[in-house]
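Okay, structure first, notes after.
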Amino acid sequence: MERRKSYGQDFYYGQATVSLHFGALHRKRYKQLTALGLNVKINISEMENVTSVSVESSGGRTCLIYGLITEGVITWLLMVVGTIGNCLTCVVVWKERNTSSMSILMINLAVVDTLVLWVWVNQVAVPALCAVTGRCRHYELTKPFLLAYLWPVGSTVHMMATWSIVSITFTRFVSVCWSARATHLNSRRNVMIRLCSMHVFCLIFNVPRFFERYVFTDGNGRPRVARSTVASTLLFNYGYQVFLYYLVIYIIPLTLVIYFTVRLYSSLRQWNKKREDMTAKARDNHDLTFSLVIVVVVFVICQLANPIRRLLVAIYPKTENVCGSIYFYYKSWVSILVNFNSASNFFIFCLCGVGFRRRLVQMCFRRGSVEPSHFMSNATTSRGNMESTTKNKE
């Protein structure tokens, strides 16, 4: 049996026992273990004034390691890699921000995705590491404030990231499928108006979440968090949190991006037949469209993970968050998929966008000879480029 020491207590994995001095300390470890889905039993010996916390699960050690790897290590790695990738995306398209609406949208998406990564690390990765190591005294004091105020921020930036995908897909859809109206609809001014309106809407929609919980001080002077009276009403729980939330963050945006992507994909199939006749600018625009299609596919797959999690809770309500249950193992992958979605866009642009990759290489290795990039150009649509090139060939 493996043994570890944390805060001076004896902590055993597997059929585990944690010996703690009676008081607030055993309550802290009890919460940490139950947060991992372990079945915990507390025995109090009045003679020795000692509390024994038993984890009645032979898979306790497996669950601890699983939570540490998935919600801890992998989430941290995705945050670091994703932050670097999103920063590089901003650097690559920064020079075109005043001339290309697509560059503005890509910078916005990179910034919002980075915020999602950092908020998710504080919500998931830090608690997972603290639950295993038990070395987060300061986090236990700040945890109520994070639940009350950081969670609404996380919901807001997640919604912003979702609608940023809708915005960038719609802009590309207009350039490709509504070429006659692209000059007006995709002007820098109109794109900025859509972007600002989207952010304001996301902020207003999530205002009730900031009143969902409040922080108070218990009899021992420790901060605690509780649900407010407003959050306990049926209107808030079912009308806002269930109906409106899933309608605005899943049903509507997923429906829109799937429709736009199907139309873009049909255009891509037509372009592929005439790719050899395209100019370099037309090919770069083609690659940009293909990159966005892949981004949307990854986005849809990752977004569907959370509704499936809710479905598992409805099917297996008694095993929710219990070590060894389907839900326990699946919920960690929901966190991984959310972070993967926010960390993967840069690599998709590099793999699928020749113009983006060329621009990145020029910036890294040939700083003195960076050529203008057509990858972000939206002044002329890809369809228009392809048609004009074909006519010239004829």
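Checking the stated criteria, SER228 turns out to be over 19 Å from the mean Cα position of the chain (by Cα), closer than 27 Å to SER335 by Cα and of a type in the set (Ser, Thr, Tyr).
For (1) over 27 Å from PHE145 (Cβ atoms); (2) of a type in the set (A, V, I, L, M), each residue gets a yes or a no:
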residue	(1), (2)
PHE210	no, no
PRO223	no, no
PHE236	no, no
TYR240	no, no
PHE243	yes, no
LEU256	yes, yes
TYR259	yes, no
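Matching residues to (1) of a type outside the set (Asp, Glu); (2) exposed (fewer than 14 other Cβ atoms within 10 Å of the Cβ); (3) at pLDDT below 90:
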site: LEU247; (1), (2), (3): yes, yes, no
site: THR261; (1), (2), (3): yes, no, no
site: HIS286; (1), (2), (3): yes, no, yes
site: PRO317; (1), (2), (3): yes, yes, yes
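The condition of being over 20 Å from TRP163 (Cα atoms), of a type in the set (A, V, I, L, M) and out of contact with any Lys or Arg (no Cβ under 7 Å at 6 or more places or on another chain) holds for only one of VAL230, VAL225, that being VAL230. Summed over region 202-238, the residues that are in a helix (DSSP H, G or I) and in contact (Cβ under 8 Å) with a residue 24 or more places away in the chain give a count of 7. Taking the options VAL176, VAL257, VAL191, name whichever one is in contact with a helix residue (DSSP H, G or I) (Cβ under 7 Å, 6 or more places away or on another chain), crowded, with 21+ Cβ neighbours inside 10 Å, more than 29 Å from PRO307 (Cβ to Cβ) and at pLDDT 90 or above. Going through VAL176, VAL257, VAL191 in turn, the sole match is VAL191. Restricted to region 197-240, and to residues there that are farther than 30 Å from HIS138 by Cα and buried (at least 16 other Cβ atoms within 10 Å of the Cβ), the residue that is modelled with the lowest pLDDT is PHE236. Can we say VAL248 is touching a strand residue (DSSP E or B) at 6+ places or on another chain (Cβ under 6 Å), in contact (Cβ under 8 Å) with a residue 40 or more places away in the chain and assigned by TED's automatic domain parsing to the domain that holds PRO208? The answer is no for VAL248. Counted as qualifying within region 92-175 are the helices (runs of 4 or more DSSP H) with 1 or more residues that are within 14 Å of the chain's Cα centre (by Cα), namely 101-120. Are there any pairs, at least 6 apart or on different chains, whose C-beta atoms fall under 6 Å, with the first in region 75-102 and in the same structural domain as VAL126 (by TED's automatic domain parsing) and the second of a type in the set (Lys, Arg), and if so, which? Once the first residue is in the same structural domain as VAL126 (by TED's automatic domain parsing) and sits in region 75-102, its partners that are of a type in the set (Lys, Arg) give VAL92/ARG359; SER101/ARG188. Any residue at all in region 119-138 that's in contact with a Ser or Thr (Cβ under 8 Å, 6 or more places away or on another chain), on the phi > 0 side of the Ramachandran plot, assigned by TED's automatic domain parsing to the domain that holds LEU68 and not hydrophobic (A, V, I, L, M, F, W, C)? So far as region 119-138 goes, yes, one or more of its residues are in contact with a Ser or Thr (Cβ under 8 Å, 6 or more places away or on another chain), on the phi > 0 side of the Ramachandran plot, assigned by TED's automatic domain parsing to the domain that holds LEU68 and not hydrophobic (A, V, I, L, M, F, W, C).
Note on region 140-166: residues that are within 22 Å of TYR250 (Cβ to Cβ) and surrounded by 19 or more Cβ atoms within 10 Å (Cβ to Cβ) amount to 13.
The values are calculated or read from the model by the stated rules, or taken from the named source; none is laboratory data. Source: prediction; values computed, not measured. Positions of Cβ are generated from backbone atoms using ideal geometry, with glycine treated the same way; all protein chains shown enter the neighbour counts.
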